[in-house]
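Structure, as structure tokens:
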Amino acid sequence: MTLKIHRQLEQARADLTAATAALTVLNEQRTDALKTSAAFAKWRLAHEEAELEIERLALLVQKLEADLEQDAADATVAARAARRVELERQSKALASRIAEEGAQAAAVLVALAEQAKLNAEAVELFNRKLGDDDAPLLSGDHIARYRAPAPRQDLAEDIVDLWTFEQNGEIVGDPDVVVERSYERGYIPSHMRNIQVVRRRFRQITYLEAGERQYLDPLAMVLRLPRFDGPGLLFDRGRVVEPGKPRELIELVPADDALAEPTKAEIEAA
């Protein structure tokens, strides 16, 4: 539909341009048409027809532009409605998976955390009874998750000659200030006394520093899991969270007829 309106609008705009040009030509012919009544009548009729045609085409262009805008708006609404339906379908499917698969995964993780805690306590109790020469046992949590710090790793090594202070052997921070006497010796000019420096040879090593040691928090103490079928937590750092129970309360609500005065008929009947 949109393509059809586009084509109609392009044609109407082209026709309007042509009609406007034709009216311009008629306006230029007005002087010649004044020579005779018949010529002027004919010119006037043609001029009126041209003006009417321009008015018709201008209105047609406006209508087609409005139709095009409405068609685009309808398409946007339809696309939004279709997107809504698709997102609703996706959300419902995901909600079902969260409730089912999430609950299953949470149950496994909670069981692992509790088993890891029991295993760590048993291993610690066992290690307390070991002798000094016995290697301690490692818990399952430690074996699975602990990683020793990465050792230093040398990447490249070069031999470099650097200026150093003769007195203490420290490296000169700015070698450009050194006045060289020979390759091995030089000095740094000073207003009181020149500072003597010498070249010394160093091994320049580029390396990756060793990793820092990281403490391993027990699995049960770092694990937090939400409930997958409602709000709140299922497991919170070492403990299973029980859902809160609703409290039993009493509410007094005035009844409309509780204190109503008995009627005369009710009194006589009694």
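Figures for the structure shown
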{"quantity": "Cα-centred dipole magnitude for region 2-86, charges only on beta-carbon of K, R (+1) and D, E (-1), debye, nearest 20", "calculated": "80 debye"}
{"quantity": "Length gained when the stretch Phe202-Glu86 is fully extended (0.36 nm per residue, less Cα-Cα span)", "calculated": "34.9 nm"}
{"quantity": "Cα centroid of region 201-252 to Cα centroid of region 100-114, whole Å", "calculated": "15 Å"}
{"quantity": "Surface/4 of the Cα convex hull for the chain, nm²", "calculated": "61.0 nm²"}
{"quantity": "Charge dipole of the chain about the Cα centre (unit charges at C-beta), most positive-ward option of Leu94, Ala14, Tyr207", "calculated": "Tyr207"}
{"quantity": "Rounded to the nearest 20 debye, dipole of the chain from Cβ charges on Lys, Arg, Asp, Glu", "calculated": "980 debye"}
{"quantity": "Charge tally in the Cβ shell below 13 Å around Asp229, where Lys, Arg are +1 and Asp, Glu are -1, Asp229 excluded", "calculated": "0"}
{"quantity": "Highest to lowest packing among 69-80, 240-251, 147-158, scored as the average C-beta count within 10 Å", "calculated": "69-80, 147-158, 240-251"}
{"quantity": "The chain, relative contact order [Cα under 8 Å, separation at least 6], %", "calculated": "14 percent"}
{"quantity": "Selected from Val110, Val25, Val177 as most flexible by GNM, with the chain as the system and alpha-carbon contacts under 10 Å", "calculated": "Val177"}
{"quantity": "Net charge over other residues, Cβ less than 15 angstrom from the Cβ of Ala210 (K, R count +1; D, E count -1)", "calculated": "0"}
{"quantity": "Distance in nm between pseudo-label sites at Arg13 and Gln29 (7 Å out along the Cβ direction from Cα)", "calculated": "2.9 nm"}
{"quantity": "Cα-based shape type of region 2-86, given that a ≥ b ≥ c are square roots of the gyration tensor eigenvalues and the cut on a/c is 1.5", "calculated": "prolate"}
{"quantity": "Potential extension, Val77-Glu121 segment - 0.36 nm per residue separation minus Cα distance", "calculated": "9.6 nm"}
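No lab work stands behind these numbers, since they all come straight from the coordinates. Fair warning: this is a prediction, and the values are worked out from it, not measured in the lab. Don't worry about glycine lacking a Cβ; one is built from the backbone with ideal geometry, like all the others, and counts go over all protein chains shown.
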